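Reviewing the structure listed below.
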Amino acid sequence: MTDRPLRIDIITIFPAMVKGFVEESILKRAMAMERVFFNVVDLRNYTTDKHRTTDDRAYGGGPGMVMKPEPLFAAVDTLKTAGSRVLLMTPQGRRFDQSVAETLAPEKHLIFLCGHYEGVDERVRTALATDELSIGDYVLTNGTLAAVVVVDAITRLLPGVLGGEGATTEESFRQGLLEYPQYTRPAEFRGMPVPQVLRSGDHAAIARWRADQARERTRKRRPDLFKEGMGYVS
Ligand code: ADE
């Protein structure tokens, strides 16, 4: 992990959407700490026609519009630096998960390309994007939403951004397990007590209980993630 801020550019036709997110989120804090340098780019600033057109009809016909290549190429040409990664948000991309977030967090510069509606000209995929990312097997109308999800997951991994040491190391997925149940006061609420072990002060017993709970929860809810022997504490 470098000490330089991670530079993130989001190229979108909905810059106001991203700005709202930035102002209300962990990203604001990460920027204040100079962990992230964040820039929202209005794709329309890279159009050359009077109507600031970013999409057009598909060759071969069919419903829906396709995002034109020229503004996207022009924007990336202006923004790119040595070693920048250009991430195209698309349901056809690699499935984003915690391990992908961990590989992106140490990068120097991420440029997000946000598609919308029917899709983007194929030459953007083949000659501009270095990566294609999907946030799940469903189709959004707006890749900007997907980019914001990915930016949030990456930003919170940057050193110091979350505050409390260890906050990211114990959570869901870090050890391939879902999180154990958490409680805070009151000790009993509407007839539902906090498990006695958590109030016992016995740290070894608490660690064992949490490991058991995380393992059982993962086995039941996400058998696809579960491997025998996971999460045992010695
Ligand atoms: N754009 C539309 N749907 C998407 C998805 N599931 N992931 C990433 N970008 C998208």
- Note on the structure: Restricting to aspartates and glutamates and to Cα separations under 14 Å from Lys227, and discarding same-chain partners fewer than 8 apart, the set is Asp212, Glu216
- Query: When we measure straight from the Cα of Lys50, which aspartates and glutamates land under 19 angstrom away, once same-chain ones fewer than 8 places off are left out?
  - Reply: Asp42, Glu70
- Val18: net charge of surrounding residues, Cβ under 13 Å, Lys/Arg +1, Asp/Glu -1, itself excluded? -3
- Helix 69-79 sits off the longest principal axis of the Cα atoms of the chain, rounded to the nearest 10 on a 0 to 90 degree scale, by 60
- The ³J(HN,Hα) series, computed from each phi in the stretch 118-124 with the Karplus coefficients 6.51, -1.76 and 1.60 at θ = phi - 60°, rounded to the nearest Hz and given as x for glycine or proline, is 6, x, 10, 3, 4, 5, 5
- Query: Pulled fully out, how much extra length does the chain show between Phe73 and Arg199, if you take 0.36 nm times their separation in residues and subtract their Cα-Cα distance?
  - Reply: 39.5 nm
- Item | Per-residue ³J(HN,Hα) for the stretch 143-153, Karplus 6.51 cos²θ - 1.76 cosθ + 1.60, θ = phi - 60°, Hz, x for Gly and Pro | x, 4, 4, 5, 4, 5, 4, 5, 4, 4, 5
- Out of residues 5 or more away from Lys68 or on other chains, whose amide H comes under 5 Å of its own, with H placed 1.01 Å from N in the peptide plane? Asp55, Asp56
- Query: What residues qualify as long-range amide H neighbours of Arg222, i.e. H under 5 Å apart, gap of 5 or more or another chain, H built at 1.01 Å from N?
  - Reply: none
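Going by C-beta contacts inside 10 Å, put Arg125, Arg185 in order with the fewest on the left. Write out the running numbers ahead of the final one.
On the way: Arg125 18, Arg185 7.
Lowest count first: Arg185, Arg125.
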- Message: Report the Rg/Rh value for the chain, based on alpha-carbon coordinates and the Kirkwood definition of Rh.
- Response: 1.07
- Item | Efficiency of FRET from Cβ geometry, Arg95 and Met65, R₀ 25 Å, rounded to 0.05 | 0.45
- For Leu88, which sequence-distant residues (separation of 5 or more, or a different chain) have an amide H within less than 5 Å of its own amide H, given hydrogens modelled in the peptide plane? Leu113, Thr130, Asp131, Glu132, Leu133
- Query: Once both labels are modelled 7 Å past Cα along the beta-carbon direction, what's the Thr48-Asp3 spacing in nm?
  - Reply: 4.4
- Message: Report the Cα centroid-to-centroid distance between the stretch 1-71 and the stretch 96-138 in angstrom, as an integer.
- Response: 12
- Task: Set the Förster radius R0 to 41 Å, insert the Cβ-Cβ distance between Arg221 and Glu24 as r into 1/(1 + (r/R0)^6), and round the FRET efficiency to 0.05.
- Result: 0.85
- Mind ranking 80-86, 199-205, 37-43, 107-113 by how tightly packed they are, going by the mean number of other C-beta atoms within 10 angstrom, highest first? 107-113, 37-43, 80-86, 199-205
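None of the figures in this text is laboratory data; all of them are computed from the coordinates on show. What you see is a predicted model; the values in this text were computed from it and never measured. Cβ: placed from backbone, ideal geometry, glycine included. Neighbour counts: every protein chain shown.
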